[in-house]
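First up is the structure itself, then whatever we jot down about it.
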2 protein chains.
Amino acid sequence: MNTSIATFIKEKRKQLKLTQPELAEKAGVGIRFVRELEQGKQSVRLDKVNQLLDLFGSELGVIQKTN
Amino acid sequence: MNTSIATFIKEKRKQLKLTQPELAEKAGVGIRFVRELEQGKQSVRLDKVNQLLDLFGSELGVIQKTN
DNA sequence: CATTTTTATACCCATTAGGGTACAAAAATA
DNA sequence: TATTTTTGTACCCTAATGGGTATAAAAATG
């Protein structure tokens, strides 16, 4: 799968038929954050990402690099 | 295992017999960052964490919550 | 196509992450 | 126990994240 964080959130959000503002509110983060994250911004805060992932029963963890 | 990011880095660092300052330099981050991360600080930047994990051939990814 | 909805970009601004450095505390070692 | 090494805490400072909001662009819908 090698799903990036960005695409994972985007796909999960669409599965739930939520818009970015709706997801942002549910997670308690800003709209801009959701957008930047879905666009692959790397310099985001870990706790904010986890706030979003929590809605999907997931979180950030260490995985093996697939190089 | 449910290894947290903090303990993962700490253990990998010790496997390589590196001090925190040495690891920080290798990864190109600050010493304070390594310390705060190993102590479980959540509000860290994703890209900085990946700079460290890269030394161990790993990275941050989405995992299922073990709740 | 026209209209509505959704997403992306641009601006301002407060908060804070993270760098450095110095010193204290703890751990390891002789 | 004394000494050295490693780790933790405290302070200052700059850069940038993330929030809001307004507007433009793109996508979806009738």
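Here's a check for you: in segment B:18-33, which residue that is under 12 Å from B:Gln51 (Cβ atoms) and more than 9 Å from DNA strand C (Cβ to nearest atom) is surrounded by the fewest Cβ atoms within 10 Å (Cβ to Cβ)? Walk me through how you get there before you give the answer.
The first filter runs over segment B:18-33 and keeps only residues under 12 Å from B:Gln51 (Cβ atoms), leaving B:23-30, B:33.
Remaining after also requiring more than 9 Å from DNA strand C (Cβ to nearest atom): B:23, B:26.
Working: B:Leu23: 21, B:Lys26: 15.
Only one residue fits best here, namely B:Lys26.
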Given the conditions (1) more than 12 Å from DNA strand D (Cβ to nearest atom); (2) over 9 Å from the mean Cα position of the chain (by Cα); (3) at negative phi; (4) open to solvent by less than 50 Å² (accessible area, probe 1.4 Å), report the number of the one that B:Asp47 does not fulfil. (1)
Pairs only if they're at least six apart or on different chains, beta carbon under 9 angstrom, first in segment B:39-64 and within 16 Å of A:Lys65 (Cβ to Cβ) and more than 7 Å from chain A (Cβ to nearest Cβ), second away from DNA strand D (no atom under 16 Å from the Cβ) and among the acidic types (Asp, Glu); list them, first residue then second. B:Asn50/B:Glu59
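In segment B:34-60, what residues are small (Gly, Ala, Ser) and either more than 12 Å from DNA strand C (Cβ to nearest atom) or closer than 14 Å to A:Gly61 by Cα (or both)?
Step one: list which residues in segment B:34-60 are small (Gly, Ala, Ser), which gives B:40, B:43, B:57-58.
The answer is B:Gly40, B:Gly57, B:Ser58.
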Please go through segment A:1-17 and give me each residue that is away from chain B (no Cβ under 12 Å) and open to solvent by less than 30 Å² (accessible area, probe 1.4 Å), ordered by number. A:Arg13
Could you tell me whether B:Leu23 is over 19 Å from A:Ala6 (Cα atoms), more than 14 Å from chain A (Cβ to nearest Cβ) and not in a helix (DSSP H, G or I)? no
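The values are calculated or read from the model by the stated rules, or taken from the named source; none is laboratory data. Since this is a predicted model, take the numbers as computed values, not measurements. No Cβ is skipped: glycine too gets one built from the backbone with ideal geometry, and neighbour counts run over all protein chains shown. Accessible surface areas use protein heavy atoms only, side chains included; no ligands, DNA or RNA. Shrake-Rupley method; radii C 1.70, N 1.55, O 1.52, S 1.80 Å.
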